[in-house]
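Just so you know, all these numbers are worked out from the coordinates, no wet-lab data involved. Everything numeric here is computed off the predicted structure, so don't read it as measured data. Cβ coordinates were reconstructed from backbone atoms using ideal geometry, including for glycine residues, and neighbour counts include every protein chain displayed.
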Amino acid sequence: HKTGIEVMVDGAHSFAHLDFKIPDLGADYFATSLHKWLYAPIGSGMLYVKKEKIKTIYPLFAAADDPLKDDIRKFESLGTRPFFIEQAIGKAVEFYDMIGGERKFKRLHYLKNYWMEKVKALPGVRFNTSMDPKWGGAIGNIAFEGKKPGELDAFLMEKYKIHTTTVVWENISGVRITPNVYTTIKNLDVLVEGIKAYAAK
């Protein structure tokens, strides 16, 4: 902003995961999927545009009247689409509100740190994510020195039926493990057992 550059945030893994208010970020635009952490159906998403920026942005599809009006609804001219997806968003918001943002974040962070604490002393283990709540909630990324992350990913699925995601991108190489609010301690104990079994190979 200091240099006149507008700011857009890709909030796919932050919205309804970290406890914050979008306007507090100071961004001009904020876009997110809603299925990851709000638990709305796949195919749902949200675009936030600062009020004063709405009139300067053309909609992707031609609006019925003035494309430069300051009504955010002009971006909803999408033609025929499955309305049941949009209708389900309200229920997802109700569920989120029932839990509460702060409470949800604390639960997610606790679950991540639970399994990370139990495997951090294994030989060769490396974490690509912090255990500090300032730097993240549920998402943990683990690697073992000298081993390809895809091997751990495949091992956990084959032997323990645990789905993880291999991430090899720029300077990050590891396996992403993401518990959710419904994940139990028993589930995580199985995960820990699997990681320890892999480390012992």
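Here are a few things to note about the model shown:
- Distance between the pseudo-spin-label points of Glu151 and Phe20 (7 Å out from Cα toward the beta carbon): 3.7 nm.
- The lysine pair tally for the range 8-99, using Cα distances under 12 Å and a gap of 8 or more places or different chains, is 4.
- Derived scalar couplings between HN and Hα for the range 112-118 equal 4, 5, 4, 6, 5, 4, 7 Hz in order, rounded to whole Hz, by the Karplus curve 6.51 cos²θ - 1.76 cosθ + 1.60 (θ = phi - 60°), x for Gly and Pro.
- Given the chain, longest segment not containing exposed loop GluC sites (Glu not before Pro) (DSSP; at most 15 other Cβ within 10 Å): 7-144
- Shape call, the chain: gyration tensor on alpha carbons, a/c limit 1.5: prolate
- Angle in degrees between helix 149-160 and the longest Cα principal axis of the chain, rounded to the nearest 10: 80 degrees
- Separation in nanometres of the label points that stand 7 Å from Cα toward Cβ, at Arg126 and Ala199: 1.6 nm
- 18 Å reach of a label modelled at Phe83, 7 Å along Cα-to-Cβ, counting backbone N of the range 30-71: 41, 44-45
- Springs join every pair of Cα atoms under 10 Å in this Gaussian network model of the chain, and among Arg107, Arg81, Arg126 the largest mean-square fluctuation is at Arg81.
- Distance between modelled label sites at Glu117 and Ile42, nm, 7 Å Cα→Cβ extension: 3.4 nm
- GNM result for the chain, Cα springs below 10 Å: residue of Gly45, Gly124, Gly137 fluctuating most strongly: Gly124
- Once the Cα atoms are used to define both axes, helix 185-199 deviates from the longest principal axis of the chain by about 60 degrees.
- Proxy reagent accessibility, fewest Cβ within 10 Å first, across Met116, Met98, Met8: Met98, Met8, Met116
- Between His1 and Asp70, the contour length at 0.36 nm per residue exceeds the alpha carbon distance by 22.7 nm.
- Surrounding net charge for Asp71, when Lys and Arg each add one and Asp and Glu each subtract one, Cβ distance under 15 Å: +2
- The chain: antiparallel DSSP beta bridges as a percent of all, rounded to 5: 85 percent
- Sites Lys159 and Tyr110 - FRET efficiency at Förster radius 41 Å, r taken between beta-carbons, to 0.05: 0.95
- Sequence-distant residues sharing a close amide H with Ile177 (under 5 Å, placed H): Gly140, Asn141, Ile142
- DSSP loop chymotrypsin sites (Phe, Trp or Tyr not before Pro) with at most 16 other Cβ within 10 Å excluded, longest remaining stretch of the chain: 62-181
- Scaling the Cα radius of gyration of the range 29-93 by the globular reference 2.2 N^0.38 Å produces a ratio of 1.21.
- For the chain, calculated [θ]222 nm from helices alone, where every DSSP H run of n ≥ 4 adds -39500 (n - 2.57): -10500 deg cm²/dmol
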